[in-house]
Amino acid sequence: MSIFSRFFGRRSAPDLSVFLGRSLLDTSYREAWIDSPGGYRLYAHVHAPVVKGRYPGIVFVPGANSPGTDYDKSGAKGGALRAADLASCGFIVLHYDPSGRGRSGGKEDYWGPVHQKELATVVDYLSGLPEADSGCLGILSFSIGIIITAGALSRYPMKQVKYVFDWEGPSNRFNTTKNDTHRPLKEFPSSRNDFWDEREAAAFIKDLPCHYFRYQAAADHVQGGYKGHAIELVNNAAAGKSPWTRCNDNPENTVMDPSTPDRYLWVPERLNHKGQIIKYFIDVAKKACKYNENL
């Protein structure tokens, strides 16, 4: 089970159709196998509305060392975001197992160059599906998955990606490891330059060529009340190539002062659920893609 699922499984979410003020579509999914640059295959699920049509695409990039199939499920109380939830809002959603996880071949790369190159291949696969609107494709990155996402977009041309939606990802080696106290990363101390030089999202995100949205709760799923990771990523994206940045309901293209994090708007506990995530996501997709369809 992913960090995302464990965290959101502790709370309930409101009825999506009521919260979003819209009817939801029936969805289905199918399995897919994607040929990777390393010669092995990546296992994926493609979720889409049952009604035939062309839909804006989303690639889910998993957090922790999770497989993509974690996003077929919801938390014990229905709080965790599922791929089907976004598909029911009119998207085609692909989630996949990075190499070394789930049913995919290859070896675990811990968000490094191999995983980053794989993401470029996955994006190409989704944008090539006949039911996907290749002119409106985004990436929803969960937690540490922002390392894969930012690294891939900085290294490989993916013009079809119009936006990145970053759910509480860490920015650098120090907050990723919580200054070497985060037990799941004990094998990767921040002193390992050979490892972390390939895995710091704050450096990669300066080259992000698309819209960037940061979802950040007042109480982060790993960092607690700390906001420095969110502020660093937003500021670096704004100072780099991204044409548009936003965090929560703060004004667009805000450059945040890291010394005064309480000045800014963070998602409160009562709204920290999948309904709020989807609400933001639809707004970002419409803006980034200049999308006039009924999202």
Exercise. Reachable aspartates and glutamates from residue 227, Cα under 17 Å, same-chain residues fewer than 8 places away excluded?
Worked result: 166, 168, 200, 249, 257, 262, 269
Exercise. Considering the chain, which cysteines have no disulfide-compatible partner, defined as another cysteine with its Cβ under 4.7 Å away?
Worked result: 89, 210, 247
Exercise. Taking amide hydrogens as modeled 1.01 Å from N in the peptide plane, which residues meet the under 5 Å criterion relative to residue 133, leaving out close sequence neighbours?
Worked result: 55, 57
For this session: For segment 3-289, just list the percent of Cα-Cα distances falling in each 10 Å bin from zero outward, please.
Result: 7, 31, 39, 20, 3, 0
Problem set entry | Filter on 159/287; 73/241; 162/206; 159/286; 159/206; 117/159 - keep pairs with C-alpha separation over 25 Å | 73/241
For this session: Compute the distance in nm between two label points, each set 7 Å from the Cα along the Cα-to-Cβ direction, one at residue 23 and one at residue 35.
Result: 4.2 nm
For this session: Starting from the Cα of residue 191, step 7 Å along the direction of its Cβ; do the same at residue 219; then give the gap between the two resulting points in nm.
Result: 3.5 nm
Problem set entry | residue 244/residue 265 FRET efficiency (R0 25 Å; Cβ-Cβ; nearest 0.05) | 0.90
Problem set entry | Helix-only mean residue ellipticity at 222 nm for the chain, each DSSP H run of n ≥ 4 adding -39500 (n - 2.57), per residue, nearest 500 | -7500 deg cm²/dmol
Exercise. Roughly how many nanometres apart are two label points built 7 Å out from the Cα toward the Cβ at residue 131 and residue 15?
Worked result: 2.7 nm
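Bear in mind these aren't lab numbers, they're just calculated from the coordinates by the rules spelled out. All figures in this text were calculated on a predicted structure; none of them were measured in a lab. Cβ coordinates were reconstructed from backbone atoms using ideal geometry, including for glycine residues, and neighbour counts include every protein chain displayed.
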